[in-house]
Protein chains: 2
Amino acid sequence: MLTNRSSSRMTRPAEDSAPNAEDVAQLAELLVRTSRRLRRSSMAELGPMGLTGAQARVVRYLVAVGHPARMADIAAALEVVPRTATSVVDDLEAAKLVARATDPRDRRSVLVSLTDEGVLLLDRIAQARRRTAEATFSALSPKQRGELTRLLTVCCGPNERCGSGGPQPRPAHSRRGH
Amino acid sequence: MLTNRSSSRMTRPAEDSAPNAEDVAQLAELLVRTSRRLRRSSMAELGPMGLTGAQARVVRYLVAVGHPARMADIAAALEVVPRTATSVVDDLEAAKLVARATDPRDRRSVLVSLTDEGVLLLDRIAQARRRTAEATFSALSPKQRGELTRLLTVCCGPNERCGSGGPQPRPAHSRRGH
DNA sequence: TATTGTTATACTCTATAACTATA
DNA sequence: TATAGTTATAGAGTATAACAATA
């Protein structure tokens, strides 16, 4: 009976700007569940063609912005730390779907480009993506899907280029040493 | 220029019930990004107290339904395969936050209950959860949060007890052998 | 010195398969 | 035979830290 979600009405000690703290926590839980279903569906669709979700996102990014793309830009687009992008590109390179090259202008940079074989996958990826999304959002009407997209865009920024996003590699180590 | 999101208007071959296939795929991408941010925020909040997201969800489930709870019910609530629930409970048990016991009525079953130490964590978990949700949905107004919750509930079912959810351990292996 | 990417390592979450104990 | 949970194994995804090459 510690926090037995009382009336959730008189709990506003003027310290937090949340008008209904319990609701926003429930929202987080719902999002976790929805995203888990989406991931499962995505694996079921992409797995048989030998791709993972992150790999498919890299391929789509390369198409969207036009390859070659720098490794750092891929990491930013995926909102991950550079090391993670390296891993994903490693796997794609092993599958001969992308190729690495050194940028002649800045030889520290790595340019990643799609191979012909990688380009051939585009249609199948797009189809898998549609099926995944359909499976996850089938209970929503088109209008509701539009509304959901709008709301997520508000809290996450437009499709590419995410505002406060980024992997935010914690400033030092946030509070481990208490 | 293969699928350069043309007018997205004449692509309705009457085979798919999606009136706007590209939009629903974009919706999936947005959800992936939002959930990644939520997970990062969750790790940042829970990590310092030695908990992971899945562990915190188990603790919250035990409180919500009243412990002890059977392992199979925990797995169903988390929408994971039984093996995953075992892993998470293993870690919680190692941290002395939960305890296992054999159900005397069906000695195959395992009953999981919170320890006193586990109960003491509840407030801190709730606070971390609020901060996580706030960080992720800060750009949304209370009204928008309510709308988002409603939409996700439609496509994911109410909070506990998820309709078509479940880990759906693929029927044999779905289409590996083509 | 600062930046780009990497090697090295570790951990969370999740899955399939085979097995044990019980029903 | 069917069910509940486990051991064993694997792999996706991601992170920090130390380092190399380059700027």
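In nanometers and ordered shortest first, the copy-to-copy spacing of the residue A:150 label point, defined 7 Å from Cα toward Cβ, is 1.2.
Across the identical copies, the label point of residue B:105 (7 Å from Cα in the Cβ direction) is separated from its matches by 7.1 nm, in order from shortest. One residue of chain B places its C-beta nearer than any other to the axis carrying B onto A; that residue and its whole-Å distance are B:35, 2.
Loop-located GluC sites (Glu not before Pro) across segment B:75-125 with a Cβ neighbour count of 10 or fewer within 10 Å are lacking, with loop assigned by DSSP.
Label point of residue A:48 (7 Å along Cα→beta-carbon): distances to the other copies' equivalent points are 4.7 nm, sorted ascending. Net charge of the neighbourhood of residue A:96, taken over other residues with C-beta under 15 Å away and scored Lys/Arg +1, Asp/Glu -1, is -4. Using the Cβ of residue B:34 as centre and a radius below 12 Å, the other residues enclosed give a net charge of +3, where K and R count +1 and D and E count -1.
Once the chain from residue A:123 to residue A:39 is taken as fully extended at 0.36 nm per residue, the excess over their C-alpha distance is 28.3 nm.
FYI, it's all coordinate maths here, none of it is from the lab. Bear in mind the structure is a predicted one, so any value in this text is a computation, not a measurement. When we count neighbours, we look across all protein chains shown, and the Cβ atoms used for this are built from the backbone with ideal geometry, even at glycine.
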